[in-house]
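Each reported figure results from applying straightforward, stated rules to the coordinates on display, with no laboratory input. Everything numeric here is computed off the predicted structure, so don't read it as measured data. Cβ atoms come from the backbone with ideal geometry, glycine included; neighbour counts cover every protein chain shown.
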Amino acid sequence: MAAPTRKAAIVGGNRIPFARSNSRYARASNQDMLTATLDGLVARFGLQDERLGEVAAGAVLKHARDFNLTRESVLGSRLAASTPAYDVQQACGTGLEAAILVANKIALGQLESGIAGGVDTTSDAPMAINEDMRRVLLAVNSAKTVQQRLKALAGIRPGQLLPEVPRNAEPRTGLSMGEHAAITAAEWEIGREEQDELAVASHRNLAAAYDRGFFDDLVTPYLGLARDQNLRPDSSPEKLATLQPVFGKGEGATMTAGNSTPLTDGASAVLLGSDEWAAAKGLPVLAHLVDAQTAAVDYVHGGEGLLMAPVHAVPVLLARNGLTLQDFDFYEVHEAFASTVLATLKAWEDPAYCKDTLGLDTPLGAIDRSKLNVNGSSLAAGHPFAATGGRIVATLAKLLHEAGPGKRGLISICAAGGQGVVAILES
Amino acid sequence: MNDWYRNFANSGVGTTITRQLGLPRPAVLRRYEPGQPLLPGPAVVGSAAAGRLADRLTALLQDAGVPVQSLGTADGPEDGERPAAVLLDATGLTGPADLAGVHAFLAPAVKRLRPSGRVLVLADPPAEAATPAQAAARQALDGLVRSVAKELRGGSTANLVLVPAGAEEALAAPVRFFLSGRSAYVDGQQVTVSAPVAPAVQDEERPLTGKVAVVTGAARGIGAAIARVLARDGAHVVAVDVPAAGQALAGIANEVGGAALQLDITAADAASRLVEHLRERRYAGVGPGVDIVVHNAGITRDKLLVNMDADRWNTVMTVNLQAQLDLTQALLDADGLLRPAARVVCVSSQSGIAGNRGQTNYAASKAGVIGMVRAWAPEFAGRGATINAVAPGFIVTEMTASMPVGTREVGARLNSLQQGGLPVDVAETIAWLAQPASGGVNGQVVRVCGQSLLGA
Ligand SMILES: NC(=O)c1ccc[n+]([C@@H]2O[C@H](COP(=O)([O-])OP(=O)(O)OC[C@H]3O[C@@H](n4cnc5c(N)ncnc54)[C@H](O)[C@@H]3O)[C@@H](O)[C@H]2O)c1
């Protein structure tokens, strides 16, 4: 007989404001940011010297020296050094996947408490020596005699001295994520105007949430930054309309820097625990993580869009929980690009797609757009890849808590490699 | 923060130079450290008339492990250890003639006082005197103590505690405070005790054990020092500051093993959010509630009155006064959240007593705090709680560090101790008022100003 399970409680979260690439956090490493984020969480919940069940976190862009990033961050934090930690990586799904991992262990009774998090820097991104150079140096290293060594070194050419800078590109297609998204946007005929409108709503909602103090217990300032640097409270459709497209080609190109997320630096963390643990610590329970699902699509040969995997994951999750897409009070759909969110919603409304591609008799249908990303999302906040999941989980949990018991929220996050991570939270 | 002048004046060369030039020679003050004895030497206890407190004082000192030199005669022992404190029971005076006894006792005793010594006079309140002559004698002590404070050197202080009939039980906490290093920068002051609402015994090493304390403006300066001292004394600290100060706030919370609450105390829903936070969290392993509230957050927006815009006026009034009123009222109204023996301490300022050029808004707000505390004291006593104000003088913080050197150096010396106070001095006074044993100190305004010349 399977052991009875319980639902993991989300106690709260913390993140540092997200900064634009090569700006305020240019000198901060992933470890610096993750440590500061953990310390902010520790301060918020009085967890100094506490031995938690585990900390699971990760980064998408990682230096080789960061092989034990999360554990090193824990050791540098005010948590007890006896708190175990490990790194997780599932591209932009990292943060949510980490939360699911910790929540599942709590559900199984393997843990009483844990932190899930993520961090990324595009400013302090790792640079590798290029592949030719690497081969030369390996040859030098394995040379037995001085002569052999000199011979190997003589093989170095100027071009080999150029470092390899990581690109935000899919290894199997060579296309950037934006270019992939532009293909999907064209396929689903997502217009420029609706993308700009979604971007403006994101900025306005995020600004309003800051103004009403919503983030007072979710964000801790870092290096002089108190709000997300990318946030433009005065953003308007008129202003966004003036921007030139950056992804896609020719007349039909709709994706601009205004309706796509910029490269960002930042970190987030979520505190999870069993209800009993939270009660014993005198801590609140904002919501529970009810269930989660991942999916992947064949964007290389299968004709599906790179960022469409969440579209596949959600119906599976709904079916397992006996819910319809309309049974939610809040929807958090990660805004990698405005067009991604709009294509996702459109796909769920499309009878032919739902039948042929998702194998559903009836489409999932439309959602009440006033429940979508009500406190802004990645277009306004920015998207430090692995940190987005933690931002969304904590934000949604607080939203649900504010709305009262029995409210339900859906999270949908697309990730590189044609993957998607989705989850249901309930207050 | 470093007092370079004080360090210089106490160095070898500095001593010579400052002596020759007749410059002030500020002493290194005796400040409290955990584990320290109450006094570094013996105390002398004497009476001016048929006082009712001398025996109680002697017992209290012996309890605290302080050797007591009882002066049978006014001259006292010429040999033996020099006293670290001189305590005079001046209760029972009937008229000015009795003051001769005060002089006769104090003069030789004070002469032998050690550096960082303490002169503490206990007396009856003039307002309760039976005759004008008695009132005159009692009031005379006020002038006497203030003058002694000004004559003392070497970091010594003199203070006056007024003890109405029936309030004797309240004595221990103030006496301990004024003798200890906790009162290093409290000089020339007067505190009136009242019958303690709920007499309490406490662990003198960790008097705040198990208490939950909310401190506003805790991210830096005096507030950070308050958080540290309350935590050192055993309290679980909820450190509050504006969200923008969150990084420093988290640092303080983690340092003192407390919690950080990012909250602008002037937000429209600040009071309800504080109440909700305290309801939702159960700090220190007990049910929801708070024992100690320190209203420390404060701002200045200086301008001469004639040049002051409404914005400067209003923001200062809102942060420094209205927020204190609103948060306190909300806690009083939140059923049971403010625990029965609660201690509320409100930070006022010397400017609120003496006034200050360019600070009409600030001084008004800080004087308002004093009015608030006095008006609330009876209601607090009714529920077994206390509310008091602390008025810092010149305290060396980041704020004062950015003042022009001239203004700062002069400002720092305009007091009997010839130096600026430290944030920890304000914090120690607040921590004392927060003690369970301080139930007999209510509705008081304690200045932490080294007996500032301003508004004295
Ligand atoms: N430093 C002195 O010499 C001196 C003298 C007399 C009185 N005081 C009083 O002592 C108190 C502390 O002074 P300090 O020198 O440490 O000042 P400070 O400016 O260093 O610290 C004040 C703290 O209060 C916080 N604060 C301001 N507005 C707030 C708000 N709306 N909500 C929450 N927090 C807020 C600030 O962010 C800051 O961290 C103040 O009330 C001040 O008026 C100071």
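Things worth noting here:
- Highest GNM mean-square fluctuation among A:Leu289, A:Leu410, A:Leu317, for chain A modelled with Cα contacts below 10 Å: A:Leu317.
- Computing FRET efficiency as 1/(1 + (r/R0)^6) for B:Lys150 and B:His103, where r is the C-beta to C-beta distance and R0 is 22 Å, gives about 0.85.
- The packing ranking, built from the mean of other Cβ atoms within 10 Å per residue, places the peptides B:340-348, B:321-329 in the order B:340-348, B:321-329, highest first.
- Added length on full extension, which subtracts the Cα-Cα distance from 0.36 nm per residue, B:Glu379 to B:Ala127: 88.5 nm
- Between B:Arg206 and A:Glu194, the simple label model (points 7 Å from Cα in the Cβ direction) yields a spacing of 6.3 nm.
- Going by neighbour counts of Cβ atoms within 10 Å, the residues B:Tyr32, B:Tyr362 line up, fewest first, as B:Tyr32, B:Tyr362.
- Full extension of the segment from A:Ala352 to A:Leu75, taken as 0.36 nm per residue of separation minus the current Cα-Cα distance, would add 94.5 nm.
- Highest to lowest packing among B:401-408, B:201-208, scored as the average C-beta count within 10 Å: B:201-208, B:401-408
- Compared with the direct C-alpha span, the chain from B:Asp142 to B:Val28 gains 38.4 nm at full extension, assuming 0.36 nm per residue.
- Principal axis box of chain B, alpha-carbon based, largest edge first, Å: 63, 51, 43
- Taking θ as phi - 60° and the Karplus parameters 6.51, -1.76 and 1.60, the scalar couplings of region A:258-264 work out to x, 10, 10, 7, x, 5, 9 Hz in sequence order, x denoting glycine and proline.
- Candidate lysines for bridging to A:Lys355, where Cα separation is under 20 Å - those fewer than 8 sequence places away on the same chain excluded: A:Lys346
- Other protein chain C-beta atoms within 10 Å of residue C-beta, averaged over A:42-51: 6.
- Mean per-residue shielding of peptide B:266-278 is 1, counting Cβ atoms of other chains within 10 Å of each Cβ.
- Residues B:Phe178, A:Phe328 in ascending order of nearby Cβ atoms (within 10 Å, fewest first): A:Phe328, B:Phe178.
- Reported to the nearest whole Å, the Cα centre-to-centre distance from region B:265-291 to region B:296-375 is 21.
- Exposed-loop-free span, longest in chain A, where GluC sites (Glu not before Pro) count as exposed if DSSP calls them loop and at most 11 other C-beta atoms lie within 10 Å: A:1-188
- Counting other Cβ atoms within 10 Å as a rough exposure proxy, the listed residues A:Val422, B:Val161 run B:Val161, A:Val422 from fewest neighbours to most.
- Estimated inter-spin distance, A:Ser142 and B:Ala310, nm [label 7 Å along Cα→Cβ]: 8.1 nm
- Cut-off 15 Å, label 7 Å out along Cα→Cβ of B:Phe8, residues of region B:409-439 by amide N: B:409-413, B:419-420
- For the protein assembly as shown, the Kirkwood hydrodynamic radius comes to 30.9 Å, computed from all pairs of different C-alpha atoms.
- Using the Cβ-Cβ distance between A:Arg149 and A:Asn68 with R0 set to 35 Å, the FRET efficiency from 1/(1 + (r/R0)^6) comes to roughly 0.60.
- Whole-angstrom gap from region A:401-427 to region B:392-416, using each part's C-alpha centre: 55 Å
- Part-to-part distance (alpha-carbon centres) for region B:166-201 and region B:97-117, which is given in Å: 21 Å
- At least 27 Å along the helix axis (C-alpha) and Kyte average at least -0.5, DSSP helices within chain B: B:132-151, B:360-382
- Cut-off under 5 Å, modelled amide H: who pairs with A:Lys62 long-range: none
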